[in-house]
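The values are calculated or read from the model by the stated rules, or taken from the named source; none is laboratory data. Computed from a predicted model, the values in this text were never measured in an experiment. In this analysis, Cβ positions are derived from the backbone assuming ideal geometry, glycine residues included, and neighbour counts consider all displayed protein chains.
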Amino acid sequence: MTISTDDAWQELIGISADPPDMRDKCEQCKRPVVVCWCSALPQPPLAVDSQIVILQHPAEEKRSLRTAHMLQLGLQPGKCVVYKGKRFPNTRHSAELQHLLDSPQTLLLYPSKESVPLENIDRSAGPYNLVLIDGTWPQAKAIYASSPALHRLRQVKLIAVGISDYIIRTQPTEGCLSTLETAAQCLAVLESQPELRQLLVRPLHALCKYQLDNGAVEHQSKEFLMKTNQYPKPIGKRLSRLLNYSNAVPLEQQSHSQERDS
Ligand SMILES: [Zn+2]
């Protein structure tokens, strides 16, 4: 099969010098310019003593609203490092991660029985490195289970968590925060600077506001929606029957009991 010179020429002039999907992207946040949140970033980036270490599940990177990047750009370079994988450390990770996971100054945010409130950590013995697992709750549990290096870390939890600002993405449960909100809240505690939280979550607010102004629906948590019968996810026949007829006696049993009664 051959292409005539005319066709080849037509094809060539049809190619844009500037592909449309690349043309209007912000250099910094890599998002289309209309939804760029860079103007909401703290300027200059915030200086903190603590370091945030994000262990990111590979699936998290593909989500459209990634908040770890907002945190990286909101803090001075190197104050938020992101490692990707399903197991930590693995052979592709740098020696720096191993060093962090070996350090007595490293804390793991993980809501287990052993975890202590972050507020109770002796701040005068800091600065600390705080490890966060970025992914859904089942992903985080799987990462923890397959990463023995994490089991040795002192575990902490956040007590005072508000309703998520991250209203675009449905949260699995009440009190479940985005990675950015979680890290911002932790930094506010570790640095004893409550204002850090607001400063760091501003890009998220800007993004949510844009989405809401453009017709996105304000999501509430799945827990809330299910409680109020609004959760739109279709449920299986068996579960549906259980939920709708849990108080009603199945027809079969009704006829049996009638037989017995008569
Ligand atoms: Zn931007």
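On the stretch given as segment 133-183, residues that are under 10 Å from the mean Cα position of the chain (by Cα), of a type in the set (A, V, I, L, M) and modelled with pLDDT of 85 or more total 2. Whether a residue is among the hydroxyl-bearing types (S, T, Y) and loosely packed, with under 11 Cβ neighbours inside 10 Å was assessed, and T106 does not pass this test.
Of the residues contained in segment 81-101, none is found to be under 30 Å from S192 (Cβ atoms), surrounded by 12 or more Cβ atoms within 10 Å (Cβ to Cβ), within 16 Å of the ligand (Cβ to nearest atom) and over 17 Å from the mean Cα position of the chain (by Cα). Of the listed requirements (1) farther than 18 Å from A184 by Cα; (2) in contact (Cβ under 8 Å) with a residue 24 or more places away in the chain, D122 misses just one: (2). Which residues, taken from segment 184-227, are modelled with pLDDT of 85 or more and among the hydroxyl-bearing types (S, T, Y)? Within segment 184-227, just S192 meets the criteria.
In segment 16-119, counting only helices (runs of 4 or more DSSP H) that sit wholly within it, the ones holding 2 or more residues that are modelled with pLDDT of 90 or more and within 16 Å of Y144 (Cβ to Cβ) span 95-102.
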